[in-house]
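*Asks:* Could you have a look at this structure, given as C-alpha cells, before my questions?
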Amino acid sequence: MPLVGQLTGVPVLGYHRIVDASSSPDEARRWGVHESAFREQLELVRHLAMTVVAPEEIAAGQLPARPVAFTFDDGYSSDYQIAFRLLSEFAVSATFFVNTSSLDADGFLTWQMTAEMSRAGMRFGSHAHNHVALTTLNPERLREELRISREMLEQRLSTRAEALAAPYGFCNQHVLDAAWESGYRVVCTSKPWPAQRGQRVLSRAAVLEHTSLDEFRKLLNNDPSVYLRRWSRDRALAIPKFVFLRLRPELLGVRTGEDTL
C-alpha cells in the first residue's frame, strides 16, 4: 500500500549518459549523470530493498512489492563503458533504447557491445532507426523507422525487442498506433510521472546532472512534491515546444523527417 501522500505507480528512471571525471563539459551538461552519483543511486535502490524490473513487466502488471525500472536512451558508448559495469556490480538490469542507425558509430555502442550486454541480462528496445521526431514523419516513414529498428535488434541480438522510447519524447496517437501495428508491446514516454502497472504507455522520470540524491529518493518514493513540480514544468513547455517543432525545430535541437530524407 502507498504511504499517505504518495503517488501510485512505478518509478521508471530515464537516463541518457553516465560520465566520469575525464568527460568534457558538453558531455556532462544536463543529461550526463556522473559515475559517482549513479553509484550512490544504485546503492540507495539496494538500501530501500527495491526490485529492478523491465518496462514489459510493468505493462504486464505482475510486479514485486517495490519495483523500479532503469532505462537509458540514445545508446552512447558510456552505456557499456560505465553504466553496464556498475549495473553488473549491483546485479541489476536496465533497458537500453538505441537508434540502430547509430550503432557502431563513433561515441555510440557497437553491435558487439550490445550483444555482450544482452547476454549478461540487459534488455534492448527501439529508439527508432534514426534519432528523429517520430511525430513529424508521414505514416509510411514512421512504420519504416519502427520496423527496421525492431528487426535489426531482434536479428542481431537474437532476442525480442518489444519496447519503444520515442526520440525527444515527442509521441502522439499516430506514433502509438504505428507502434502497436509494428508489434511493440510497450511505449515509454518522457512524461514525468510514475508509470501505471498494466498500462502499455509508461511515463518516465528523467535523471539529470543536477538531480540530487534527495530528489532521487523522492522519485523512488513517488513523492508528489517532485513529480508535481516536474509535471507543471512539462505542461508549461508543451505548447511552446509544439510550436517550435512545427516552425523552428533547429532551435530545439531536434531532427525532423525532412532532415533524414
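The values are calculated or read from the model by the stated rules, or taken from the named source; none is laboratory data. No experiment lies behind these values; they were computed from the predicted model shown. Here Cβ is always computed from backbone atoms with ideal geometry, including for glycine, and neighbour counts include all displayed protein chains. Calculation scope for accessible area: heavy atoms of the full protein, side chains included, ligands and nucleic acids excluded. Shrake-Rupley method; radii C 1.70, N 1.55, O 1.52, S 1.80 Å.
*Asks:* Evaluate the Kirkwood expression for the hydrodynamic radius of the chain, namely the inverse of the mean inverse distance over all pairs of different C-alpha atoms, and round to one decimal in Å.
*Replies:* 18.6
*Asks:* Then there is this: Ordering GLU40, GLU181, GLU215 by accessible area with a probe of 1.4 Å, largest first, what comes out?
*Replies:* GLU181, GLU40, GLU215
*Asks:* Then there's this: Using Cα pairs closer than 8 Å and at least 6 residues apart in sequence, work out the relative contact order for the chain, in percent.
*Replies:* 24
*Asks:* Treating only the Cβ of Lys, Arg, Asp and Glu as charged (+1, +1, -1, -1), what charge dipole size does the chain show about its Cα centre? Round to the nearest 20 debye.
*Replies:* 840
*Asks:* For the stretch 52-206, what is the percent of antiparallel DSSP beta bridges, rounded to the nearest 5? Before the final figure, lay out the partial values.
*Replies:* Numbers: 1 of 16 bridges.
Given both bridge residues lie in the stretch 52-206, the antiparallel proportion sits at roughly 5 percent.
*Asks:* Quick check: at a probe of 1.4 Å, how many percent of the accessible area of the chain sits on carbon and sulfur atoms?
*Replies:* Exposed carbon and sulfur together represent 51 percent of the surface.
*Asks:* With every protein chain kept in place and ligands, DNA and RNA left out, what is the accessible area per residue of the stretch 154-256? Probe 1.4 Å, answer in Å². All intermediate terms of the calculation are to be shown ahead of the outcome.
*Replies:* Working: 5530 Å² over 103 residues.
Ligands and nucleic acids excluded, the figure is 54 Å² per residue.
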